[in-house]
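Values quoted throughout were computed directly from the atomic coordinates according to the rules given, and no laboratory measurement underlies them. The structure presented is a predicted model; accordingly, all values stated were derived computationally and were not measured. Because the Cβ atoms are built from the backbone with ideal geometry, glycine has one as well, and the counts that use them run over all protein chains shown.
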Amino acid sequence: MKTIATIAAELQGYDPQALRVDAVNAFLSRLVEPVTTQESVGIFQALGRVLAQDVISPISVPAHDNSAMDGYAFDSAQLSGDAPLKLAVAGTLRAGAGWALPVAPGACVKIMTGAIMPSGLDTVVPQEFVSVNDNGITIPAGLLHAGDNRRLRGEDLMQGQPALRKGQLLTPAALGLLASLGIEQVAVWRKLRVAYFSTGDEILSLGQPPREGAVYDSNRYTVFGLLSRLGCEVIDMGVVRDEPSVLEAAFTRAAQQADAIITSGGVSVGEADYTKLMMKKLGDVAFWKIAMRPGRPMAVGRIGNAVLFGLPGNPVAVMVTFLAFVRPALLQMMGSTAAAPPLLKANSMELLRKKPGRTEYQRGIVSTGVDGTLQVQTTGNQGSGVLSSMVQANGLIVLHHDQGDVASGDSVDVMMFDGVV
């Protein structure tokens, strides 16, 4: 297990007082370690879990050559490029049934979608393309090629080949794939346990009466939602007051129960409060000034065996730092090998002011323009306490470290929220 100092020494140009966004993710990728305990779960419990082993296909899918259409199956050797093909109909074959008899030359079989192709037949003509008469069917000339509208055995998956890989996040499509293989149980990594609490004497929990100078705790519920969507086991520790003994007890209890600890508030550079002092006392922790907006102050390290993420107190900064740094790190801890979703390109609908030297995340509303291209506009006020802007937005406009002002019509990168926020 690497110390903060060891990881810092590995990163060229590491400066905790002016840390670039890409350096933060490089640091965290070295700090966190995946869970190592597996468990077996049923397919209905597997959504959002991470595979702990490759899934090897026990069967071929499809198991036989079969029809991709409702139509007529026949031997393509009978096709002629310049003349219609007339065939007698030897019978009807439905999905789930077999066909034992040989099909004579000059004949075809009426076949339903998914039915096994009779021996010697390799092509299907859709029923809407033929002329039907008392003597059979007529297929127009030049309509088909050999093998048309036939699914081949194993063209989706071949028996003995990997169907899903270790480290893959199980999506609805993956659950369907498992079911298509007849697999009821799957090996996954255990759920990541994440403890979370807010800090500060000015923070009110829901149900407490308002008082002057105090604010209701929104971060706790936002982070709960983000962690729940990620599939973590959330340990809600509420609001912790700025008292040394209370903070020490909270951090100690969190480190004993969880793989990761997330806090909000109390990490601003130069802020003389007990949260930072307690982090230093109990763990191996670094305090950063990140070259970004919003979300400049952040603490990261370990308390015991638990990884610590000390996030800023402002609501938007909490969400941005979670999306930019914490979520990728937690996915790595969950055992996921999935690459980060790509940033999308959209044309800015307005002038965006930006100074080089920091990465900015502006809340954006992405839509499709009349020409079919993506376009984006900001939600307006970009203050880090304007939580309503995150509700209005469907993505973050990512203005990179070396980027300057963006003119209206220029292309920008966008991090979409879908399925995350």
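General remarks:
- For residue 65, neighbours were defined as the other residues whose beta-carbon sits under 15 Å from its Cβ, and their charges (Lys and Arg +1, Asp and Glu -1) total -2.
- When the chain is treated as a Gaussian network with alpha carbon springs shorter than 10 Å, the biggest mean-square fluctuation among 208, 392, 403 belongs to 208.
- Residue 221-residue 104 FRET efficiency (beta carbon distance; Förster radius 51 Å; 0.05 resolution): 0.10
- Extension reserve of the residue 392-residue 355 stretch, reckoned as 0.36 nm per residue once the Cα distance is removed: 10.8 nm
- The length gained by stretching the chain between residue 401 and residue 153 to full extension, at 0.36 nm per residue less their Cα-Cα distance, is 84.2 nm.
- Rounded to the nearest whole Hz, the Karplus-based 3J(HN,Hα) values (6.51 cos²θ - 1.76 cosθ + 1.60, θ = phi - 60°) of segment 96-110 follow the sequence x, 10, x, 10, 8, 7, x, 9, 5, x, x, 10, 9, 10, 5, with x at glycine and proline.
- Positive-end residue of 374, 411, 290, charge dipole of the chain with Cβ unit charges: 290
- Gain upon complete extension [residue 367, residue 229; 0.36 nm per residue less C-alpha separation]: 47.3 nm
- FRET efficiency, residue 86 to residue 180 (Cβ-Cβ, R0 41 Å, nearest 0.05): 0.60
- Across segment 369-376, coupling constants 3J(HN,Hα) worked out from phi with the 6.51/-1.76/1.60 Karplus curve, θ = phi - 60°, read x, 5, 8, x, 8, 6, 9, 9 Hz, and Gly and Pro carry x.
- Inter-site label distance for residue 77 and residue 161 at 7 Å from Cα along Cβ, in nm: 2.8
- Per-selection metrics, the chain (Cα): Rg and Dmax in Å: 29.8, 94
- Residue-averaged 222 nm ellipticity for the chain, from DSSP H runs of 4+ at -39500 (n - 2.57), nearest 500: -5500 deg cm²/dmol
- Here the simple spin-label model places points 7 Å from the Cα toward Cβ, and for residue 243 and residue 54 these points are separated by 5.7 nm.
- Each Lys or Arg adds one and each Asp or Glu subtracts one; over the other residues with Cβ under 12 Å from the Cβ of residue 110, this totals 0.
- Centroid-to-centroid separation of segment 86-132 and segment 313-343 [C-alpha atoms, Å]: 54
- Among 206, 192, 170, the largest mean-square fluctuation in a Gaussian network model of the chain (Cα springs under 10 Å) belongs to 206.
- Both the radius of gyration and Dmax for segment 344-416 are 11.6, 35 Å, in that order, over alpha-carbon atoms.
- Total formal charge among the other residues, if their Cβ is under 14 angstrom from that of residue 344, Lys/Arg +1 and Asp/Glu -1: -1
- A simple spin-label model places pseudo-atoms 7 Å from Cα toward Cβ; at residue 37 and residue 236 they are separated by 2.3 nm.
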